[in-house]
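The values are calculated or read from the model by the stated rules, or taken from the named source; none is laboratory data. Computed from a prediction, not measured in an experiment: that's the story for all the values here. Note that each Cβ is placed from the backbone with ideal geometry, even for glycine, and that neighbours are counted across all protein chains shown.
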Amino acid sequence: MLEHDDLHRRFPGGVAPRAELVALGMSHSAISRRCRPGGPWQRLIPGVVLLNNGRPTPDQLNRAALAHAGTDAMLTGIAAARLHGVRRLPADSRVHVLIPHARKVATRGFAVVERTIHLPEPTHVGGLPVAPLARALVDAAHRMASLNDIRAMIADAVQRGLCHPRELRQALEQGTTIGSALPRIVIEEMDKGVRSAAEAWAARVAKRSKLPEPEWNVEIRDAEGRLLGVADAWWPDVGLAWEIDSIDFHLDPDSYGRTVRKHTRLTAAGILVVHTLPSQLRRNPKAVIADLRAAFTQAANRPPPTVRTRLWRPAA
């Protein structure tokens with residue numbers, strides 16, 4: 001039988017399928033003794049052992065779920081999105097894995113196993129097979145109950161250039177229709193140009209305001225073609241811009257400084273700008289509506305700015 005150091009070299013992360021330990025010469029009873037309370041090992045899932053008794057890391061849980069799922073399995077959902085670099089993710093201790101439809105492996109404990117006839121080609125992140133990000137996001141959204149959580153997750157991926165809305169729609173159309181209603185709403189919002197959870201709340205407030213429907217995420221340039229900024233919402237007939245301001249929703253503090261500089265450029269070009277916090281959209285939408293109506297009236301009584309606009313899209 002292999003010694004302790006040999007076992008850890010053979011099993012990355014210290015995650016070992018029980019059958020492979022037996023194949024190396026260890027008896028079932030010896031494995032069970034080591035996995036008893038207070039022993040040096042622990043059982044993560046039936047058939048999968050962790051070769052230490054500490055709290056499993058996310059990497060170890062991912063490896064255990066893959067070991068349980070077997071050949072051709074890959075991570076998807078929130079665990080895969082996290083490995084792809086998505087930040088705005090809900091807390092979830094489960095690990096979602098995909099397997100070919102013909103294979104018969106059941107969900108056990110934290111390892112959520114999904115059989116699929118549309119098994120994608122995986123990428124490898126940290127030595128683990130991972131579904132493409134668009135598929136991972138759609139799979140995660142199918143199992144989420146909060147529309148705002150789905151908006152925040154997908155907006156983070158799209159705004160930071162990790163994924164394109166076109167890829168999300170393709171993944172949605174290829175997948176199951178079970179649980180697809182909420183991600184479909186978010187992806188349709190993306191198609192209209194609303195790219196963050198806060199902007200989606202803003203879209204509902206704008207509709208309640210009874211003002212003309214604005215254009216969303218509009219690139220604004222001066223008469224010479226110089227970029228002034230991208231407005232979250234834009235009323236072209238009166239030259240009114242609406243900005244949803246938050247360090248949290250802009251993902252990093254430096255973005256707030258860019259927002260201030262953008263405000264200066266827009267106002268210098270004769271554009272009236274309304275600034276709203278995401279918290280205002282949720283807690284006091286009536287006050288936001290009053291601000292928008294007042295600003296719209298003020299903008300309508302000013303000469304229209306000489307600017308060029310077009311819908312902004314992330315690079316493909």
### Message
Tell me yes or no: at least one residue of segment 34-42 is in contact with a strand residue (DSSP E or B) (Cβ under 8 Å, 6 or more places away or on another chain) and loosely packed, with under 14 Cβ neighbours inside 10 Å.
### Response
no
### Message
Given the options Glu243, Glu199, Glu215, name the one that is crowded, with 16+ Cβ neighbours inside 10 Å, closer than 30 Å to His96 by Cβ and of a type outside the set (A, V, I, L, M, F, W, C).
### Response
Glu199
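Only helices (runs of 4 or more DSSP H) wholly contained in segment 158-218 count here; list those with 3 or more residues that are in contact (Cβ under 8 Å) with a residue 40 or more places away in the chain and not charged (D, E, K, R). Give the derivation first.
Details: elements: 165-174, 181-192, 197-208.
Once the helices (runs of 4 or more DSSP H) in segment 158-218 are filtered for at least 3 residues that are in contact (Cβ under 8 Å) with a residue 40 or more places away in the chain and not charged (D, E, K, R), what remains is 181-192, 197-208.
Results for (1) β-branched (Val, Ile, Thr); (2) farther than 27 Å from Pro122 by Cβ; (3) without any contact (Cβ under 8 Å) to a residue 40 or more places away in the chain, shown as yes or no for each residue.
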position: Ser27; (1), (2), (3): no, yes, yes
position: Arg36; (1), (2), (3): no, yes, yes
position: Gly39; (1), (2), (3): no, yes, yes
position: Ile45; (1), (2), (3): yes, no, no
position: Val48; (1), (2), (3): yes, no, yes
position: Pro56; (1), (2), (3): no, no, yes
position: Leu66; (1), (2), (3): no, no, no
position: Met74; (1), (2), (3): no, no, no
position: Gly77; (1), (2), (3): no, no, no
#### Entry: Verdict on Ala65 being more than 30 Å from Ser196 (Cβ to Cβ), among the small types (Gly, Ala, Ser) and in a loop (DSSP other than H, G, I, E, B)
no
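Report the residue count in segment 294-309 for those that are in contact with a Lys or Arg (Cβ under 8 Å, 6 or more places away or on another chain) and of a type outside the set (Val, Ile, Thr). Write out each step before concluding.
In the first step, residues of segment 294-309 are kept if they are in contact with a Lys or Arg (Cβ under 8 Å, 6 or more places away or on another chain); the result is 307-309.
Then keep just the ones that are of a type outside the set (Val, Ile, Thr); that gives 308.
Qualifying residue count, segment 294-309: 1.
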#### Entry: Per-region count, segment 274-314, residues under 17 Å from Ala197 (Cβ atoms) and not hydroxyl-bearing (Ser, Thr, Tyr)
9
#### Entry: Hits in segment 171-199 - residues which are within 24 Å of Leu292 (Cα to Cα) and in contact with a Leu (Cβ under 8 Å, 6 or more places away or on another chain)
Met190, Gly193, Ala198
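For segment 116-169, name all the residues that are polar (S, T, N, Q) and either modelled with pLDDT of 90 or more or surrounded by 19 or more Cβ atoms within 10 Å (Cβ to Cβ) (or both).
If we filter segment 116-169 for residues that are polar (S, T, N, Q), which is where we start, we get 116, 123, 146, 148, 159.
Of everything in segment 116-169, those that are polar (S, T, N, Q) and either modelled with pLDDT of 90 or more or surrounded by 19 or more Cβ atoms within 10 Å (Cβ to Cβ) (or both) turn out to be Thr116, Thr123, Ser146.
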